[in-house]
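Derivation of every value follows stated rules applied to the coordinates shown; laboratory data play no part. All of these numbers come straight from a predicted model, not from anything done at the bench. Virtual Cβ from ideal backbone geometry, glycine too; neighbours counted across all protein chains shown.
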Amino acid sequence: MVDKPGADEPGASSGADRSVSELLSDATGNLSRLVRLELRLAKLEAKHDAVRIGKGIGEFLAAAVILHIFLILLSVTAGFGIYEIFGLPAWASLGIVTLFYLLVALVFVLIAVINFRRRQGLARTAVTSSRLMAIIRGDVRPPKGGATAVSDSEEPAEAPAHSGR
């Protein structure tokens, strides 16, 4: 028998014809080794990707800090530009820039509130889980090919309400 499965040339016999059980043993060993090697390769690739993702996140974080500093300096520059162009007091010019950012923030808050109010929760999940519980309790028979379950009184169950979004 071969010490390492798959170590010989393909189709080579080790001196004598091998039995089916030996061949099956070698095939099983080779398959086991292949699976182990594939798992090892997957782990190494995942680790390599995780390192790259970590570096990318760090680079984005550095860029975000630099862009934040840029925005602050641009805001001060805009304030002093308003001061020079319109001849307003410095506090008023910087206040105008500050109010502009406040308005932008309020627009984002308004959009966020609208999006939160539009959410529907888990409406479809609630319908499907209640149908599943009814099937488990025996109140409803499971569908035989259709999308809806049928109760014992042969009336189709109501379909979930679906909004166009």
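Observations on the model:
- Per-selection Rg to Rh, region 15-149 - Cα, Kirkwood hydrodynamic radius: 1.37
- Spin-label pair A112/V20, simplified geometry with 7 Å Cα→Cβ offset, distance in nm: 7.0
- Remark: the A92-T128 segment gains 7.1 nm on full extension, using 0.36 nm per residue and subtracting the alpha carbon distance.
- Each peptide among 136-142, 41-47, 73-79 gets the average number of other Cβ atoms lying within 10 Å of its residues, and from highest to lowest they stand as 73-79, 136-142, 41-47.
- Near the amide H of V140, within less than 5 Å, lie the amide hydrogens of I135, all on another chain or at least 5 residues away, with H placed in the peptide plane.
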